[in-house]
Amino acid sequence: MPRAPDKLRILDIVIAEDLASIQAHNPDHAERILNKIHDWEDKIQWGRVPQEHLTYLTGSGQYNFYRERVGNSGYRVVYEISDGTMTAVAVFPKDDNAYNLDDFRGRMS
């Protein structure tokens, strides 16, 4: 049975590339996405189990990738949850080829 992670971590590339790219053309969406990510800090302190609220991405291999939809902004956040840490791995626009698990694995290594 899954349990709440102990902490939230955001990969540098999420801020430096993903959110910076969104910020350049839609600052409101970038802020909303970052707030959505930071909301998990409070939620996991309250004992909320993210695995029960996010969509698991099958084929993740050694990683446990989950997807979160960010309202109606058209963006998705991918997290990796293991060893007591919830890591924000990527933020990207919703499209048909959005879930490149190899890219997510590369970001984790």
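The values are calculated or read from the model by the stated rules, or taken from the named source; none is laboratory data. Not measured: the values here are computed from a predicted model. No Cβ is skipped: glycine too gets one built from the backbone with ideal geometry, and neighbour counts run over all protein chains shown. Surface accessibility is based on the protein's heavy atoms, side chains included, excluding ligands, DNA and RNA. Shrake-Rupley method; radii C 1.70, N 1.55, O 1.52, S 1.80 Å.
For beta carbons closer than 8 Å, sequence separation of 6+ or different chains, a first residue in the range 6-21 that is closer than 14 Å to Tyr75 by Cβ and a second that is open to solvent by 50 Å² or more (accessible area, probe 1.4 Å), the qualifying pairs are Leu19/Leu34. Return a yes/no flag: does the range 56-65 have any residue that is of a type in the set (Val, Ile, Thr) and open to solvent by less than 60 Å² (accessible area, probe 1.4 Å). Within the range 56-65, not a single residue is of a type in the set (Val, Ile, Thr) and open to solvent by less than 60 Å² (accessible area, probe 1.4 Å).
Scan the range 1-15 for residues that are part of a helix (DSSP H, G or I) and either open to solvent by 70 Å² or more (accessible area, probe 1.4 Å) or at pLDDT below 95 (or both) and the total you get is 2. Restricting attention to the range 36-59, the residues that are free of Cβ contacts under 8 Å to residues at least 40 places away in the same chain and either closer than 15 Å to Arg76 by Cα or among the acidic types (Asp, Glu) (or both) add up to 8. Tyr99 passes every criterion in (1) open to solvent by 10 Å² or more (accessible area, probe 1.4 Å); (2) closer than 20 Å to Ala24 by Cβ apart from (2). Based on this model, can you work out whether Asn72 counts as of a type in the set (S, T, N, Q), over 16 Å from Glu17 (Cα atoms) and exposed (fewer than 12 other Cβ atoms within 10 Å of the Cβ)? So Asn72 fits the description; yes. If you go through the range 21-55 and pick out every residue that is open to solvent by 50 Å² or more (accessible area, probe 1.4 Å) and touching a helix residue (DSSP H, G or I) at 6+ places or on another chain (Cβ under 9 Å), you end up with 7.
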